[in-house]
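Contents: one structure, followed by commentary.
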C-alpha cells in the first residue's frame, strides 16, 4: 500500500478535508520506483477516470520529473473540498489507492488560488 507523507507537517489532509472552501486544487507528489512508472500511470489513469465521473470534478493534469526521474506531480481541480472529500471516500477510489505500488510515497495537499497584485488573480 502507498505510504502517505504530509506535505505540510502541521496540517494533515484529514484536517484540510474538514474545510468548507472552494474551488480547490489537490496537489499530489508521488515518488515511485524507476521500474514502476508505467504501472503507476495506469493506476493514476484508472483513479482519475473514476474522479471524472464524480460531482464537482473539474480537471486533472499529471507531470513527471525529467532526466529519468520517477517523481510525479499531479493536480486535480474540484468545485469544493466537500466534493473532493465525497469522491475520495468512495470505495472504488480507496480500492485504486490500495493498488498503488508498495514502494510509492504520496504527499497530497489541498490548495486554493490566491491573488498576488500584478502577478496573478484570485
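The values are calculated or read from the model by the stated rules, or taken from the named source; none is laboratory data. Just so we're clear, the structure is a prediction, and the values are computed from it rather than from any experiment. Glycine also receives a Cβ, built like all others from the backbone with ideal geometry; neighbour counts cover every protein chain displayed.
State yes or no: is residue 101 farther than 23 Å from residue 8 by Cβ and surrounded by 12 or more Cβ atoms within 10 Å (Cβ to Cβ)? Explain how you work it out, then say what you get.
On the way: farther than 23 Å from residue 8 by Cβ: yes; surrounded by 12 or more Cβ atoms within 10 Å (Cβ to Cβ): yes.
Criteria met by residue 101.
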Quiz item: Among the residues of region 33-43, is there at least one that is touching a strand residue (DSSP E or B) at 6+ places or on another chain (Cβ under 7 Å), at pLDDT below 95 and either part of a strand (DSSP E or B) or surrounded by 15 or more Cβ atoms within 10 Å (Cβ to Cβ) (or both)?
Solution: yes
Self-check item: Members of region 47-93 found to be touching a helix residue (DSSP H, G or I) at 6+ places or on another chain (Cβ under 8 Å) and without any contact (Cβ under 8 Å) to a residue 24 or more places away in the chain, listed by number
Solution: 60, 62
Quiz item: Could you say whether any residue in region 7-19 is closer than 15 Å to residue 105 by Cα, assigned to a loop (DSSP other than H, G, I, E, B) and in contact with a strand residue (DSSP E or B) (Cβ under 9 Å, 6 or more places away or on another chain)?
Solution: yes
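Do we find a residue being over 13 Å from the mean Cα position of the chain (by Cα), assigned to a loop (DSSP other than H, G, I, E, B) and exposed (fewer than 12 other Cβ atoms within 10 Å of the Cβ) anywhere in region 72-84?
So in region 72-84, the residues over 13 Å from the mean Cα position of the chain (by Cα) come out as 79-80, 82-83.
Checking the rest, the ones that are also assigned to a loop (DSSP other than H, G, I, E, B) come to 79-80.
Next cut, exposed (fewer than 12 other Cβ atoms within 10 Å of the Cβ) only: none.
No, there is no match, as no residue in region 72-84 is over 13 Å from the mean Cα position of the chain (by Cα), assigned to a loop (DSSP other than H, G, I, E, B) and exposed (fewer than 12 other Cβ atoms within 10 Å of the Cβ).
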